[in-house]
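Take a look at the structure set out below.
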Amino acid sequence: MDERVDSFQKVDDVFYPTAETLEHARIKDYDAAYKESIRDRLVFWENAARELEWFSPWTRVLEWNYPWAKWYVGATCNITHNCLDRHLTSGRKNKVALIWVGEDNTERFFTYGELYRQVSRCANALKALGIRKSDRVAIYLPKIPEQTIAMLACARVGAIHTVVYSGFSAPALASRLEDSQPRLIITADVGYDRGKVIPLKPVVDDAVANSPFIETVVVVRREKGGPALSGPKELDWEDWLKREAPSCPAEVMDAEDPLYFLYTSGTTGKPKGVQHVHGGYMVGTYLTTKIVFDLTDDDIYFCVADPGWVTGHSYIVYGPLLNGATILMAEGKPDYPNPGRWWQLIERYGVTIFYTTPTAIRLLMKYGEEWPKKYDLSSLRILGSVGEPINPEAWRWYHRVTGSKLPIMDTWWQTETGMILVTPLACTKQKPGSAARPFLGIEADVVDREGKSLPPNTGGFAVITSPWPAMMRTIYKDPERYKVYWNTIPGCYTAGDVCRKDDDGYFFFMGRADDVIKVAGNRIGTAEVESALVSHQAVAEAAVIGKPHKTAGESIKAFIILKQRFQESPELIQALKDHVKHELGKIAVPHEIEIVTGLPKTRSGKIMRRVLKAKELGQNPGDISTLEE
Ligand code: WTA
């Protein structure tokens, strides 16, 4: 990460909220609300915390001992009290909390009352095993209600959950177990993926063989006549819960007690256990869910993430439950049994808020507009996107196929930040490809390496200049790696993303700083080139990397997946180069374009450019445990 980053992208369309969107919006005037929120940030975050229930109050809102933060100092609480108990007395006891739908359309419904009982049973079962405050519990489950129940049950007894995405291999699971040393792991016999049965228990057996600290393995059994369990170490979930009482008081936690570790891959070295806490994380996810998605009691909220990654933690489980929302959770992929799957679920359940990823949108674009057109999507009110910069082409498609009038919350944040930090709100104008401006109470900027604020339309580093409640507190067992986030650029939290702000202060994220390509003195963010390529009619997906070049320093190589009806030809390659030249200018034109049928992606859908680069240069790709296949 050295100098500034050049920006070549021009986006000139602007979309304004409709009267209907504005009418519903909780915040009507972003500028005024933002100004008020940062006039005294601590008062703002104190008022947010007061909307929730605490067992005992804080003495100070923030103790900031750079780079270590404590929020709601001295307060006690339990996040599950606010996810469950609070709703039982507020009229939501019989409201549906969770609608689960499987690949084969099996449905399961949980009211807040029922979720409370299930979580309590599981919490009591944890206690019966002697699991208590600060013990770690690993959760290696597919996207089923037991995953949510297990997370909440851990939090309820004060144990720290570490959810591992159920697509991870045995070695990837083992390294996460090794780091977090859980006493218990909760898994399932199988998961389902595009109609195929994916055995999970053998993966756990493999990983557990080398994890002597694991005392118990609990298995949710989904298949008839599944694997035989060998007691007393292996327990059947149903048997485990059967005798437990359906109520369990929430453990009194200090606001700073850890809630979970979630592993995120570093570029090199072992995955980092990002640590979040009960108090500040609760306030941050509560408020962002409420305001960004403009959530009210009538909404049906559908987020397609997996709780195996942070979006699932913050915006399927904690944020929505803290708000007493009705959550739709669907196991399965967007194109199974056909590419109308998600649109069909939106119609069937009357979804009003739909939160997905750019990579899923591009996948659905590939299949064409006829799929969304088959369904009645008129219940939708608010859309969301997360995980990568959404290229303007995908943004416009998403906007058009859902009726050309809905706001898209392009939410920028990270596992480490815990909550959404840069985002549009329902009341703000929208620019395709821009995550708009900082959330209320958040101070973000684009700076150079010295931390100096950059003028509009100059690319630099995205930073957060003051602490926020849901920020990670440390990297488990590795405080030095935590400090790097706050030491790279003086006085700021550095996200590792490159970005520019336009004249309106709108943030346009341009990719990861590590991926910036240096061509003849220009520093080019990957997102702009990829987005230019994807805006060509023949291109479904694109990834670009830099390769060493004798005179230019680096040259740009692009990997392209073509849309189904297009064929590779020298004319097409030339047309793509001309297109990028037209969109961005000569300097950003890829020197090489290779047509491929797949790209290496993380399980949450992000392109792993460093894997492409290592392969291209014949180098070691480093940690690839998060690679999809
Ligand atoms: C990228 C996911 C642009 C970014 C919540 C960030 C985005 C990384 C956006 C974190 C967005 C996420 N626009 N880039 N709206 N959202 N990113 O930890 O590079 O899986 O640093 O958290 O994803 O990924 P993570």
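The alpha carbon centroids of the stretch 490-568 and the stretch 586-629 are separated by 12 Å. Contact order for the chain, expressed relative to its length and based on alpha carbon pairs under 8 Å spaced 6+ residues apart, stands at 15 percent.
Summed over the residues of the chain and divided among them, the accessible surface reaches 37 Å² per residue at a probe radius of 1.4 Å. Take the Cα of V484, step 7 Å toward its Cβ, do the same at D31, and the gap between the two points is 4.1 nm.
Rounded to the nearest 20, the Cβ-based charge dipole of the chain about its Cα centre (Lys and Arg +1, Asp and Glu -1) stands at 340 debye. Taking all protein chains in place and a 1.4 Å probe, what share, in percent, of the accessible surface of the chain do carbon and sulfur account for? C and S fraction of accessible area: 50 percent. Of the cross-linked pairs K201/K366; K95/K429; K477/K518; K35/K452; K28/K601; K429/K501, those separated by over 27 Å at the C-alpha level are K201/K366; K95/K429; K477/K518; K28/K601. Just so you know, the Rg over Rh for the stretch 557-629 is 1.02, from Cα atoms, with Rh as the Kirkwood radius. Could you work out how far helix 112-128 tilts from the main Cα principal axis of the chain, as a 0 to 90 degree angle to the nearest 10? The angle comes out near 70 degrees. Straight-line cross-link reach from K270 at under 12 Å between alpha-carbon atoms covers these aspartates and glutamates, not counting any fewer than eight positions away in the same chain: E178, D179, D478, D623. Against the main long axis of the alpha-carbon atoms of the chain, helix 279-292 sits at an angle near 60°.
If the Kirkwood radius is taken over C-alpha pairs of the chain, then at 20 °C and 1.002 mPa s the Stokes-Einstein diffusion coefficient equals 86 µm²/s. For the stretch 234-242, 3J(HN,Hα) computed residue by residue from phi via the Karplus equation (6.51, -1.76, 1.60; θ = phi - 60°) reads 9, 10, 7, 3, 4, 5, 4, 8, 3 Hz, glycine and proline entered as x.
Ordering P67, Y116, I442 by the projection of their Cα atoms onto the charge dipole of the chain, which places +1 on the Cβ of Lys and Arg and -1 on the Cβ of Asp and Glu, puts Y116 at the extreme positive end.
Using alpha carbon centroids, what distance separates the stretch 365-410 and the stretch 321-361, in Å? The distance from the Cα centre of the stretch 365-410 to that of the stretch 321-361 comes to 12 Å. In summary, the aspartates and glutamates within cross-link reach of K586, defined as a Cα separation below 15 angstrom excluding same-chain residues under 8 places away, comprise D6, E528, E530, E554, D578.
Simple rule: put +1 on each Lys or Arg Cβ and -1 on each Asp or Glu Cβ in the chain, find the dipole, and look at G130, G91, P548; the Cα lying farthest toward the positive end is G130.
Mean residue ellipticity, 222 nm, helices only, the chain: the sum of -39500 (n - 2.57) across DSSP H runs of n ≥ 4, divided by residue count and rounded to 500, is -8000 deg cm²/dmol.
Summing Cβ point charges (Lys, Arg +1; Asp, Glu -1) relative to the Cα centre of the stretch 516-617 gives a dipole of roughly 460 debye. Once the mean of 1/r is taken over each pair of separate Cα atoms and inverted, the stretch 1-134 shows a Kirkwood hydrodynamic radius of 20.3 Å.
Taking Cα atoms, how many degrees apart are the long axis of helix 358-367 and the longest axis of the chain, rounded to 10 and kept between 0 and 90? Taking the Cα atoms of the chain, the angle to 358-367 is about 70 degrees.
The values are calculated or read from the model by the stated rules, or taken from the named source; none is laboratory data. Note that the structure is a prediction, hence the values are computed from the model and not measured. Positions of Cβ are backbone-derived with ideal geometry, glycine not excepted, and every protein chain shown enters the neighbour counts. Keep in mind that these areas ignore ligands, DNA and RNA; they rest on the heavy atoms of the full protein, side chains included. Shrake-Rupley method; radii C 1.70, N 1.55, O 1.52, S 1.80 Å.
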